[in-house]
């Protein structure tokens, strides 16, 4: 059993980039693994629903290339969590095409490579839904009905450390995970080496954002985590950054619903009694993290369904009489459009105005009601199909442009369009239709490991 | 004094697609203690500032080790779907910042 391990975290999201010097500083400290998180639900349900990545192919390849080649040279595992951003099959396949290209270009086809899939078959969800083993994660989540499940494109679940530990035990050097709990791939290396899960997960929670907890903080620089039996140390790998006890303590606030209780697959991490000590070299030593297992073991499901199709217009207004009554004019324009399309059922489309400069960001919550000298207007039509969204939006645009409001002086047009054409046919809009906890037998049950090693004679991928 | 001026960090962000979380962090332990002791940061205050029901607020927690507190509440519209105007939830901190302390 090792007394300590070192984890190199290159950047906060694979494809965000990192300085080569910082990365090589990290490699000089002889890390036991290179681990990076590629995932986020921050950008909304579109990436999962439409099956697209959150970073460009070029950026992903650039970041992965150095990690894979240096990892191979040092003979240490390289692990990617939530491949392609959302971690669904298409996102993992997108990542694997880049991986194969890198392995081929560098003559590394023999590198033992595995994918851990994070997709959950809809039949499994439907079955457990009937058994009462699927519950919404919070009051704001709509209940999952059979109908909404059928409309959902694909479902992923966040894996914990367990399948990653299995892949490490099996000797894989390159492990590409589907959707994973962000800290889990980091924790897996610690647990594989017999070090405490609490320190693995807490360090992982910090390292998955790379240098974000340093001062100055960024997701685009590298960080080293040293995990021992008694605690862990977080060390910035660029001389221009340092960690403080406050910056590391405060990091667990970030994007979490609670500052020191963190729920993960099958675990709850409790950081209330942690101590954070500055080591004098820009690193911080953390002790006192605690973890407990949950019964039953639950995994978090994520799934997206298409909610509507959108067409929108960006415009500006400068006339003070128009600005003074803009919300009223918009209401009247909508009424005129609805009257024009009276043969179309009202619920087939929705019209939405966003008035930047007045309350575009905060809506009804905006405390400041002062009127500006100019207003940016975004108006959109959300409809059941693209053709209808396009048609209604075109009518809305011409109606608002020429609307003859009370006392108007600028009788040639109410709006300044920055672009021609003005109407943007956007495509589908998604929503998270599944954001639920589901009971699982254990951490490995639903996350199969598949051998993807490229070397000759391994064309048939066997599940292990 | 407004909370916005007293805090070192005051921010909002999604914590998952269905909730918004507000973080307020201080760099001065005295000021943090003062704000904590004033007892102003309650469900009632926050519900008033954000025009939401008190039971939509899922967390209000002070964390002494980080000199900060966190408030989490349910979104009315989930991130990135129809009628949302702040996909990352990153600009929802102003009503809290306007609070006089």
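For the reader, a short list of remarks on this structure follows.
- Descending semi-axes in whole angstrom, ellipsoid equivalent of the stretch A:9-55, from the Cα gyration tensor: 29, 10, 7
- FRET efficiency for the residue B:47 to residue A:139 pair, using the beta carbon distance and R₀ = 25 Å, is estimated at 0.95.
- Inverse mean reciprocal Cα-Cα distance (Kirkwood Rh) of the stretch A:398-449, Å: 17.1 Å
- Other protein chain Cβ atoms within 10 Å, averaged over every residue that makes up B:80-93: 6
- Nearest 10 degrees, 0 to 90: helix B:29-38 Cα axis against chain B principal axis: 70 degrees
- Evaluated at q = 0.30 Å⁻¹: base-10 log I(q)/I(0), Debye formula over Cα of the stretch B:54-101: -1.18
- Cα coordinate range in the stretch A:2-134, projected on the principal axes (Å, largest first): 53, 37, 30
- Cα long-axis angle, helix A:89-105 against chain A (0 to 90 degrees, to the nearest 10): 50 degrees
- Normalised by 2.2 N^0.38 Å, where N counts its residues, the alpha-carbon radius of gyration of the stretch A:85-198 equals 1.28.
- With the simple model of a label 7 Å out from the Cα in the direction of the Cβ, residue A:327 to residue A:406 spans 1.6 nm.
- Per residue, the convex hull around the alpha carbon atoms of the stretch A:201-287 comes to 90 Å³.
- Calculated mean residue ellipticity, 222 nm, chain B: -6000 deg cm²/dmol, from DSSP H runs (n ≥ 4) at -39500 (n - 2.57) each, averaged per residue and rounded to 500.
- By the Stokes-Einstein formula, at 0.890 mPa s and 25 °C, the stretch A:334-464 with its Kirkwood radius over alpha-carbon pairs has D equal to 123 µm²/s.
- Semi-axes of the equivalent ellipsoid for chain B, computed as √(5λ) from the eigenvalues of its C-alpha gyration tensor and ordered from largest down, come to 24, 13, 12 Å.
- Shape index of the stretch A:148-242: Rg/Rh, with Rg the Cα radius of gyration and Rh the Kirkwood radius from the inverse mean 1/r over Cα pairs, equals 1.07.
- Cα-only radius of gyration and Dmax that characterise the stretch A:294-353, units Å: 20.1, 63
- From most to least packed by mean Cβ count within 10 Å, the peptides A:435-446, A:148-159, A:8-19 give A:8-19, A:148-159, A:435-446.
- The angle between the Cα long axis of helix A:326-340 and the main principal axis of chain A comes to about 80°, on a 0 to 90 degree scale.
- Highest-first arrangement of B:70-81, A:364-375, where packing means the average Cβ count within 10 Å: B:70-81, A:364-375
- A straight line joining the Cα centroids of the stretch B:17-46 and the stretch A:25-63 runs 33 Å.
- Efficiency of FRET from Cβ geometry, residue A:123 and residue A:101, R₀ 35 Å, rounded to 0.05: 0.55
- Partner shielding of A:208-214 amounts to 0, given as the average count of beta-carbon atoms from other chains within 10 Å of each residue beta-carbon.
- Neighbouring Cβ atoms from other chains, within 10 Å of the Cβ of residues in A:268-280, number 1 on average.
- Distance (nanometres) between label positions extended 7 Å along Cα→Cβ at residue A:240 and residue A:24: 1.7 nm
- In a fully extended conformation the segment linking residue A:277 and residue A:445 would gain 56.6 nm over its present Cα-Cα distance, using 0.36 nm per residue.
- Pairs of Cα atoms nearer than 8 Å and 6+ residues apart set the relative contact order; for chain A it is 19 percent.
- Cα-Cα pairs of the protein assembly as shown separated by more than 37 Å (percent): 38 percent
Computed from the coordinates by the stated procedures, all read-outs in this text should not be read as laboratory data. If you're wondering where the values come from, they're calculated on a predicted model, not measured in any experiment. Quick reminder, even Gly has a Cβ in these numbers, built from the backbone with ideal geometry, and neighbours come from all protein chains shown.
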